[in-house]
Amino acid sequence: MMAITAALVKELRDMTGAGMMDAKKALVETDGNIEKAVDLLREKGLAAAAKKAGRIAAEGVVQSYIHAGGRIGVLVEVNCETDFVAKTDDFQSLARDIAMQIAAVNPTYLNREEVPAEVIEHEKQVLLEQAKVEAEEDVKAGRKPKPEAVLEKMVAGRIEKFYKENCLLEQVFIKDGDKTVTDIINENIAKIGENINVRRFVRYGLGEGIEKRQDDFVAEVMASVGK
């Protein structure tokens, strides 16, 4: 059996934010395999998060983030159970990370439940047409066309991709490509010991929705010279 050193325990704690005893126990259970220990702690973290999910989270912060010299601004409400936790560095750091995520990736919805049914139906129709075009190209190229069941699976897979790209909680976390935003929240639930929810957010981009004036600068100068 591999020796579980203090340095290995510290490395796992730094990677996961787990407590010392939890980190050591995970390493013992996985015979010192740090990758398996990370997965084990994540699984336990998810279980802990599920137990806390029904608890009321009405405290927290409205976190702001301004990026690109004031061209992008985000406000996000992140809730926890107590004012004490809301003021901790861990919770504040999580709220900042979520605000940065919104600024960087620009999600349209919080979760898949918020996506209107008509939006998904439109996406399905567009994706189905794309799949049919691809099938026609297969026929033209002498390849066997995909069966209808396969096309439907392709569409379902692309709808899942739509959710992952457009729903904040399903997006890949910008600071760790192996985790989603939900994973990060659940890890913090396990670490902090309280239920944590992202309630709502808004992202502003400078000039969004404004039809910018397109002036003919040369014509303007010539007109002024002629006066």
Tally, over segment 78-91, of residues that are part of a helix (DSSP H, G or I), touching a strand residue (DSSP E or B) at 6+ places or on another chain (Cβ under 9 Å) and open to solvent by 50 Å² or more (accessible area, probe 1.4 Å): 2
Some residue of segment 43-52 being of a type outside the set (D, E, K, R), open to solvent by less than 100 Å² (accessible area, probe 1.4 Å) and either modelled with pLDDT of 80 or more or not in a helix (DSSP H, G or I) (or both): no
Among (1) in contact with a helix residue (DSSP H, G or I) (Cβ under 7 Å, 6 or more places away or on another chain); (2) at pLDDT below 85; (3) in a helix (DSSP H, G or I) - the single one L169 does not satisfy: (2)
Where a residue in segment 72-84 is under 10 Å from R199 (Cα atoms) and touching a residue at least 40 places away in the same chain (Cβ under 8 Å) and its partner, wherever it lies, is open to solvent by 30 Å² or more (accessible area, probe 1.4 Å) and of a type in the set (D, E, K, R), with Cβ under 6 Å and at least six apart: E77/R199; E77/R200; N79/R199
Matching residues, segment 106-121, being surrounded by 13 or more Cβ atoms within 10 Å (Cβ to Cβ) and of a type in the set (A, V, I, L, M): L110, V115, V119, I120
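The values are calculated or read from the model by the stated rules, or taken from the named source; none is laboratory data. Since this is a predicted model, take the numbers as computed values, not measurements. A quick note on method: Cβ atoms are made from the backbone with ideal geometry, for glycine too, and the neighbour counts reach across all protein chains shown. Only protein heavy atoms, including side chains, enter the accessible area calculation; ligands, DNA and RNA are left aside. Shrake-Rupley method; radii C 1.70, N 1.55, O 1.52, S 1.80 Å.
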